[in-house]
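Report on one structure; see the data block that follows.
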Amino acid sequence: MNRHFRPMMNFLRAAISHCHYRLSPQYFCAFHCASDPKFNSLLSDKREQLMPVNENALRVHNLLRKFTNSSNDERVEALDNCEISLTEDLVIDVLRRNHSDWNSAFQFFNWVSSVNSLSGYTPSSEAYNEILGILGKARQFEKLERLFDQMFKRGVINERSFDIVLHRYAAAHKIDDAINFFDKRNQYGLELDITAFQSLLLSLCRYKHVETAEDLFHTKKAEFQYDIKTWNIILNGWCVLRNLHETKRFWNELARSECKPDKYSYGTYINALCKSGKVSSALKLFRSMWYNNCTPDIVICNSVIDGLCFKKRVPEALVIFREMNGKGCPPNVGTYNCLIKYMCKIQRMEIALKLLTEMEEKGGECAPNDMTYIHFLTAAKNPEEVASLLQRVKQQGFKITGDMYNLVLRLYLSWNCEEHALSTWDDMSRDGTGPDQRSYTIMIHKRYEQGRIEEALEYFKEMTMKKLTPEPRTMLLVDDMKTKLEPNGSPAMFDC
């Protein structure tokens, strides 16, 4: 077996759960959305302070995995014997590592919450919020509700706790439960204010219950003093549903109201028009913003440029692009990427390369990112063009990403450039960007197409040893390969 099939040992993959933060609703527009999860560093106990900061959390995580199918008593006994000093950071890290295994996470949380195992540790709001999110994602609502009541008794409920539960009800399409839960805010000592109402609307709209959200919007007008943010939530909800008729209706209702459209309102409606192919209408509305003293931001400009390019109206897109600097809205990497994507698509590579050079010279907000180079890679016609681009990437000091490596791998395999493909495999391993689940999927499927079934199964075996989850289509392929090899294949080959 050559070096390309050697299993990599001690492979660890910590899955980080997404944390939901309470943000201003205006930022939940389809293209104004941003949230950054916060992660805590781990603290080791005095006995093991020389270990890496995540070593204790990893030990607990591995222990929970080992006892996944054991009884609760056996798991508790193992945790009692693991001699770990509990800290808030350690508990949160373990919960995040087990975000996809709600039962292990819940049993662990129950253990750290018990009197006999605490040694003075008491979970804070943040730890409770982590397990709330895990239970909600797994739709274990009975346990979630009991835990929330426990939080109330301990006085550790905060706004994020409430938003997590609200969000999970909406995600599970338990709309009545979400609304009833919102109405109980006062019972939990939380104010029933416009910000909380906006969170409810956001959760409903995010999971496509825009009609219900708009009904609440109209029925609750007497209770809350609406601002433009509240209008924008519903407007964006219809936009995300790609329902241009309802988006236009609500836009007209907003235009007639006392809350006049703001930049985010315009941006949402312009985006809806562009996505629906109504680029001329979007361009007209875009131009009207300047006259209404509502200067478009970079996201709106990019949306219009992308819409024009999609409709092959590239000259008009270039006019807006060149006007942006003079109108106080300088282009960024997203602007350049919109243009480069379509230039590559129509093989106007001289213009695309000129734009790339301009990006490299400007740097800062215009510096190329992985999507910039991916557009060029997608347009590459031969290995020489790929090699030339990768050399340029390295000269710019840009670290090649996993997505870029996977695209290069797929291209080399499609051109039957075996040596280049294996070299790429080694490069991504050396750089620490892979191989990942997608890399193995590409390699397994290509080997199957080439009739190299034993090699495909070797890659599959290595993939599963690294605890990477195969796609369903890959599993179907593997079953077919095992069937083909069954008469002559080695029994060890099937032990994957």
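The values are calculated or read from the model by the stated rules, or taken from the named source; none is laboratory data. All values derive from a computational prediction rather than experimental measurement. FYI the Cβ positions are ideal-geometry reconstructions off the backbone, even for glycines, and counts take in every protein chain you see. With ligands, DNA and RNA removed, areas are computed over all heavy atoms of the protein, side chains included. Shrake-Rupley method; radii C 1.70, N 1.55, O 1.52, S 1.80 Å.
For the chain, what is the relative contact order in percent, using Cα pairs closer than 8 Å and at least 6 residues apart in sequence?
10 percent
Once the convex hull of the C-alpha atoms of the range 206-275 is built, how many Å³ does it hold per residue, rounded to a whole number?
79 Å³
Report, ordered by chain and residue number, the lysines lying within cross-link reach of residue 467, taken as a straight Cα distance under 17 Å and ignoring same-chain residues fewer than 8 apart.
The qualifying lysines are 66.
For the range 102-249, place one equal point scatterer on every Cα, skip the solvent, and apply the Debye formula. What is log10 of I(q)/I(0) at q = 0.13, 0.17 Å⁻¹?
Here log10 of I(q) over I(0) equals -0.63, -0.94.
With +1 on each Lys and Arg Cβ and -1 on each Asp and Glu Cβ, how big is the dipole of the range 100-187 about its Cα centre, in debye rounded to the nearest 20?
Numbers: 11 positive and 11 negative charges, 18 e Å.
Its charge dipole is roughly 80 debye.
Run through all the Cα pairs of the chain and give the fraction in each 10 Å bin from 0, expressed as whole percent.
3, 15, 19, 22, 24, 14, 3, 0
HN-Hα J couplings of the range 371-386 from phi, Karplus 6.51/-1.76/1.60, θ = phi - 60°, integer Hz, Gly and Pro as x?
5, 4, 6, 4, 4, 5, 4, 4, 8, 5, 9, 7, x, 5, 5, 5
Holding the Cα-Cα limit at 27 Å, pick out from 248/311; 184/220; 446/484; 275/381 the pairs that are longer than that. Present the calculation step by step, with values, prior to reporting the outcome.
Numbers: 248/311 21 Å; 184/220 15 Å; 446/484 17 Å; 275/381 30 Å.
Pairs exceeding the cut-off: 275/381.
Read phi for every residue in the range 361-366 and hand back ³J(HN,Hα) as whole Hz from Karplus 6.51 cos²θ - 1.76 cosθ + 1.60, θ = phi - 60°, with x for Gly and Pro.
6, 6, x, x, 5, 9
In Å², and per residue, what accessible area does the chain have when probed at 1.4 Å with the other protein chains present? Can you show the working numbers first?
Numbers: 24980 Å² over 496 residues.
Normalised by residue count, the accessible surface of the chain is 50 Å².
Could you tell me what percent of the accessible area of the range 345-496 is made up of carbon and sulfur, with a 1.4 Å probe and every protein chain present?
50 percent
Relative contact order, percent, of the range 297-416 when contacts are C-alpha pairs under 8 Å separated by at least 6 residues? Working shown, then result.
Values: 99 pairs, mean separation 23.1, N = 120.
Answer for the range 297-416 is 19 percent.
Before anything else, pin down the relative contact order of the range 338-474: Cα pairs under 8 Å, at least 6 apart, normalised by residue count, whole percent. The partial results should precede the final answer.
Numbers: 106 pairs, mean separation 20.6, N = 137.
Worked out over the range 338-474, it gives 15 percent.
Cut-off under 15 Å on the C-alpha distance; same-chain residues fewer than 8 positions from residue 466 excluded. Which aspartates and glutamates are left, in chain and number order?
Filter leaves 436, 458, 495.
Give the Debye-formula value of log10 I(q)/I(0) at each listed q (0.13 Å⁻¹), with one equal scatterer per alpha carbon of the range 399-489, two decimals each.
-0.41
In whole Hz, what ³J(HN,Hα) sequence does the range 207-219 give by Karplus (6.51, -1.76, 1.60; θ = phi - 60°), x for Gly and Pro?
Listing the rounded values in order: 10, 6, 9, 6, 4, 5, 4, 5, 4, 5, 3, 7, 6 Hz.
Please go through the residue pairs 284/341; 229/263; 174/229; 263/362; 221/263 and name each one whose alpha carbons sit more than 18 Å apart in this structure.
Working: 284/341 24 Å; 229/263 11 Å; 174/229 25 Å; 263/362 27 Å; 221/263 23 Å.
As for pairs spanning more than 18 Å Cα to Cα, those are 284/341; 174/229; 263/362; 221/263.
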